[in-house]
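Notes for the one structure printed next.
The values are calculated or read from the model by the stated rules, or taken from the named source; none is laboratory data. All of these numbers come straight from a predicted model, not from anything done at the bench. Please note: Cβ atoms are built from the backbone with ideal geometry, for glycine as well, and neighbour counts cover all protein chains shown.
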Amino acid sequence: MNVTNKEYQLLEEKIQTLSEQWTNLLEQETVTILEQRSTLKAFPAFSQLQLQIDIEQYRSFILELFSLLKEYQSDLDEALERLEMEITDEVLVQWIKEAIAVNDVYFESFAEKHRVAEWIPFFVAEHPLRPFLQKAAAEMTEELHKAEAQGCCPACGEAPRVAIINKKGKKEITCPRCHYAWEVKKISCAHCGSEEAGKIEILRVEKDDSSEIHVCHDCQGYTKVIDVRKFIQVEAISMLDLKTIHLDIIAQENGFGLVEVKEVH
C-alpha cells in the first residue's frame, strides 16, 4: 500500500538524486568546528554550533532545486522566480538558521510577505541544507554517541519517526534529515523512553511483513519500523520515510502523533 501521489514520489526521487550529487560535492569539505564540538553540552547539537556552510554553494543548490521544481511543477514558476529575486546573502544566512531550527513561524511569515504558497520557502530552504547537515553529523559521530538521544535526533532535532531493523537485527533510529543513526532497545519508546510492559504496542499492516508501527501509550508517540533485511535494495531513509506515509496515517488514525522535541543536556 502506498498513498503518495506518483508524480510527487517521482519528484522526491529526483530531489534525492540531486541531494546525493550535492553530498558528493561536499565530500572534501569540513562543516563543523572541532573546538565547538569538544565543548558541546546540549543537544540537539546543530542549534548550538556555528556550522561552516558556504553561502554560494548553498545558493547554487537552491537554484538547482528551483530548476527541478519548474521542470516537474510548472505552476510554481512564478513563485520560484519571485523567491529567486529575494535570496540575498543576508536572507540565505537567515534561512540556514531558521531551517536548522525548523522555524515554521518564520517561513510562513516569509511566504505571506512574498505572496507564495505557505510550504514553498521552508521546502526550498531545507532540502538543499540537508547535505550540509548530513556532513556535519558524519563529522561528529563520536560526540553524538555521548548524547542521551531521547525524544529527538541528537544532531538536528528531528523527531524519531523512522527506525530500521539493521543487518544485525538491531532496531536503529535513523534520521531522514541528517542521516544520523543510533541503536535502541527493540521494545521501547523513542520519544519518552518508556519500556514498561503493556505501554508499547506494535501495530502491524496486513500483507506487509517488512513494516510495523511501534506506538507508546505513555506519551502517545509512534515510530515507523522497517525491516530492511527483507529488501534486495535498500533506498535512502528519506525515501523509505516517504513511501511508508501510510504508516503515519494509520498511527494518527489510532490517536498517536509525533511528540514535541525538547532540548537535552
Has region 148-162 got any residue that is under 30 Å from LEU129 (Cβ atoms) and surrounded by fewer than 19 Cβ atoms within 10 Å (Cβ to Cβ)? yes
With PHE123, PHE132 as the choices, which residue is under 19 Å from the mean Cα position of the chain (by Cα) and without any contact (Cβ under 8 Å) to a residue 12 or more places away in the chain? PHE123
Quick one: GLN52 ticks every box in (1) under 30 Å from GLU148 (Cβ atoms); (2) at pLDDT below 95 except a single one, so which number is it? (2)
Identity of the residue in region 148-205, of a type in the set (D, E, K, R) and outside any loop (DSSP other than H, G, I, E, B), that ends up farthest from ALA251 (Cα to Cα): GLU183
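Residue-by-condition table, conditions (1) more than 20 Å from the chain's Cα centre (by Cα); (2) of a type outside the set (Asp, Glu); (3) at pLDDT below 95; (4) not in a helix (DSSP H, G or I):
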position: SER19; (1), (2), (3), (4): no, yes, no, no
position: GLU35; (1), (2), (3), (4): yes, no, yes, no
position: GLU56; (1), (2), (3), (4): yes, no, no, no
position: SER60; (1), (2), (3), (4): yes, yes, no, no
position: ILE96; (1), (2), (3), (4): no, yes, no, no
position: ALA99; (1), (2), (3), (4): no, yes, no, no
position: VAL105; (1), (2), (3), (4): no, yes, no, no
position: GLU112; (1), (2), (3), (4): yes, no, no, no
Does at least one position in region 115-130 carry a residue that is of a type in the set (A, V, I, L, M) and under 30 Å from LYS41 (Cβ atoms)? yes
Tabulated pairs, region 41-58, first closer than 12 Å to LEU26 by Cα and without any contact (Cβ under 8 Å) to a residue 24 or more places away in the chain, second polar (S, T, N, Q) and in a loop (DSSP other than H, G, I, E, B), C-beta under 9 angstrom, 6+ apart or interchain: GLN52/THR30; GLN52/THR32
Verdict on GLU142 being more than 16 Å from the chain's Cα centre (by Cα) and in a strand (DSSP E or B): no
